[in-house]
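Here is the structure we will look at.
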Amino acid sequence: MHQSLLNRRLASARFERVEPGVYRVPGYPRSFPQRLMVAVLGAGTYSAASHRAAAALLRLDGVDEGVIEVSVPPDRRYRRAVTHRTADLDRFDVTRVDGIPCTTATRTCVDLGAVMDDDVVERVFECAVRRGLTTPEYAARRAKALTRKGRAGPATLLRVLARRQERANGSDLETRFEQLCRAAGIRGLARQVPIGPFVVDFADLGRRVVVELDGLATHATGKALQVDLRRQNYLVLEGWSLLRFTWEDVTQRQASVAAALDCSCARAR
């Protein structure tokens, strides 16, 4: 836009300056994507939303909108956001989401371990895999390639990949349940196990214990209820112990869930 025209529009309040060289339309609702776009533009060329901001922008499980976070070249400083200076943000590590330059799901998973714990990285990564945004093989290669002394992110993702079950491709609720079991020291439950004509969420084959997780997204319809009941009747008649938990159980009543698992496994020994 010609400078004189820009000055006239600024004078008439048709634009509002928010950063040097960055303007917004006054009155337009402020939002997380808008704030993030301002930060990326304000940080300059070759900058991108990254880490927690990228995970939220990509709508990956485990990270909510809030933190404005960008990666910038190593010779640049930007003080209006959480900033990470990096020399190895390649072009293939960057995509666009709603027009905003943003690290890809794979690069986001690699970077995220520098600012979030293993469980959050695991949830983010599993969501990215479910949505076809990355694969375990590619993520492992990228994490190894980005490993540097003093850089925590790649090591975190590699730990998550090392403990990942081969069939771990279920819902976020299943990931949260697996994390609950890990924290409670409950072992032996495999994920996505075929039993007869059905595939159950978790099963301890040695103790013949099955755990089914009832999330609204997949269990709230009449058809889903019929399938659930047929599977439940089949398992009971075949001599399996069956436990069922909801999202609220797994996320808000962990102690009760762990106690139920301990009790059921003890009876099955």
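A short reminder: the numbers here are calculations on the coordinates, not readings from a lab. In this text the structure is predicted, and so the values were computed from the model without any measurement. A quick note on method: Cβ atoms are made from the backbone with ideal geometry, for glycine too, and the neighbour counts reach across all protein chains shown.
Placing +1 on the Cβ of every Lys and Arg and -1 on the Cβ of every Asp and Glu, with nothing else charged, gives segment 172-268 a dipole about its Cα centre of roughly 220 debye. Charging the Cβ of each Asp and Glu at -1 and of each Lys and Arg at +1, and nothing else, the dipole of segment 26-177 about its Cα centre rounds to 480 debye. When Leu243, Leu58, Leu237 are arranged by Cβ crowding within 10 Å, least crowded first, meaning fewest neighbours, the order is Leu237, Leu243, Leu58.
Within a Cβ distance under 11 Å of Gln179, other residues only, what is the Lys/Arg minus Asp/Glu net charge? The partial results should precede the final answer.
Numbers: positive: Arg123, Arg163, Arg176, Arg182; negative: Asp117, Asp118, Asp119, Glu122, Glu126, Asp172, Glu174, Glu178.
With Lys, Arg at +1 and Asp, Glu at -1, the neighbours total -4.
A simple count of charges around Val67, restricted to other residues whose Cβ falls under 12 Å of its Cβ and scoring Lys, Arg +1 and Asp, Glu -1, yields -1.
Cβ under 14 Å from Val236's Cβ, Val236 left aside: what net charge do those residues give with Lys, Arg +1 and Asp, Glu -1? Working shown, then result.
Details: positive: Arg208, Arg230, Arg231, Arg244; negative: Glu212, Asp228, Glu238.
With Lys, Arg at +1 and Asp, Glu at -1, the neighbours total +1.
Residue ranges 108-115, 30-37, 48-55 sort as 48-55, 108-115, 30-37 when ordered by packing (mean number of other C-beta atoms within 10 Å per residue, highest first).
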